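Asks: Mind looking over this structure? Questions follow.
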Amino acid sequence: LEFFSGLQTVASNTTLISSRDTLVSDAKALSSRVNSLNNQLSALYSSVNTQLDSTVSSINSYASQIASLNQRIMEAQAATNQPPNDLLDQRDTLVTELNTLVGVTTVEESNGSLSVFIGNGQQLVVGLRTNQLAVQASSADPTRMAVGLVNAGGVQELPDSMITGGALGGLLSFRSQSLDSAANSLGQVAASLALTVNAQLSLGQDLLG
């Protein structure tokens, strides 16, 4: 508001040096506020990246533990021909905790193992094998971190929309729906303001005519 008030003051008396100085100060303050908001958004993006790394690491840990329990359950069931209830309870607890990090679906196999899937059917745990998740720069935007599934050929990047539920889905949703929207709006306001003000100022004259 001070900036626009300063513009009106200068326009009403273009020769008043103090008004011009005040306008310059107001313009610097406005620029500083915009930059501060941008820095806050950048910090939030950085925080999301850190939390993505941490969450994916936890998901991989749970997947490995579930695969390990799959092996123990298969061995116990083969030896006694009875379901090892304590191990099954442990695995169910791990799946529940995993589900708080990312939405999963499960399929119990005839050998007693449990297969775990994310997204639209991407395999996270199959029997004794786990497919690890990874966080890396997006192929579409190197400044943006994306979640991918590690395979023999490298990392298969997963679209954000494919990962739903849990903390991981929440982080990606927050970034795409809230952070991106706020950053785009701020950028549009800053660019529009700069272009409009500079275009208008270029039509005028300085004190030397």
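Asks: Of the numbered conditions (1) closer than 30 Å to Leu124 by Cα; (2) open to solvent by 70 Å² or more (accessible area, probe 1.4 Å); (3) among the hydrophobic types (A, V, I, L, M, F, W, C), Val24 satisfies every one except a single condition; which is it?
Replies: Every condition holds for Val24 apart from (1).
Asks: Follow-up. If Ser113 meets every condition in (1) surrounded by fewer than 11 Cβ atoms within 10 Å (Cβ to Cβ); (2) over 25 Å from the mean Cα position of the chain (by Cα) apart from one, which number is that one?
Replies: All conditions are met except number (1).
Asks: Which residues, taken from region 52-67, are touching a residue at least 40 places away in the same chain (Cβ under 8 Å) and open to solvent by less than 80 Å² (accessible area, probe 1.4 Å)?
Replies: Leu52, Thr55, Val56, Ser58, Ile59, Asn60, Ala63, Ser64, Ile66, Ala67
Asks: Does Asp206 fit the bill of being among the acidic types (Asp, Glu) and open to solvent by 70 Å² or more (accessible area, probe 1.4 Å)? Break it down stepwise before answering.
Replies: Values: among the acidic types (Asp, Glu): yes; open to solvent by 70 Å² or more (accessible area, probe 1.4 Å): yes.
For Asp206, the condition - among the acidic types (Asp, Glu) and open to solvent by 70 Å² or more (accessible area, probe 1.4 Å) - is met.
Asks: Might you check whether a residue that is in contact with a Leu (Cβ under 6 Å, 6 or more places away or on another chain) and either open to solvent by less than 60 Å² (accessible area, probe 1.4 Å) or more than 17 Å from Met145 (Cβ to Cβ) (or both) occurs anywhere in region 72-84?
Replies: Here is the first cut: in region 72-84, the residues in contact with a Leu (Cβ under 6 Å, 6 or more places away or on another chain) are 72-73.
If we keep only those that are either open to solvent by less than 60 Å² (accessible area, probe 1.4 Å) or more than 17 Å from Met145 (Cβ to Cβ) (or both) too, we end up with 72-73.
Yes, region 72-84 contains at least one residue that is in contact with a Leu (Cβ under 6 Å, 6 or more places away or on another chain) and either open to solvent by less than 60 Å² (accessible area, probe 1.4 Å) or more than 17 Å from Met145 (Cβ to Cβ) (or both).
Asks: Output the qualifying pairs, or none if there are none: Cβ atoms under 6 angstrom, residues six or more apart or on different chains, first residue in region 120-138 and farther than 21 Å from Glu109 by Cα and in contact (Cβ under 8 Å) with a residue 12 or more places away in the chain, second residue assigned to a loop (DSSP other than H, G, I, E, B) and not small (Gly, Ala, Ser).
Replies: Ser138/Arg144
The values are calculated or read from the model by the stated rules, or taken from the named source; none is laboratory data. Worth saying up front: this structure is predicted, and the values here are computed from it rather than measured. Here the Cβ is made from the backbone with ideal geometry for all residues, glycine too, and neighbour counts use every protein chain on show. Ligands, DNA and RNA are excluded from the accessible area calculation, which covers all protein heavy atoms including side chains. Shrake-Rupley method; radii C 1.70, N 1.55, O 1.52, S 1.80 Å.
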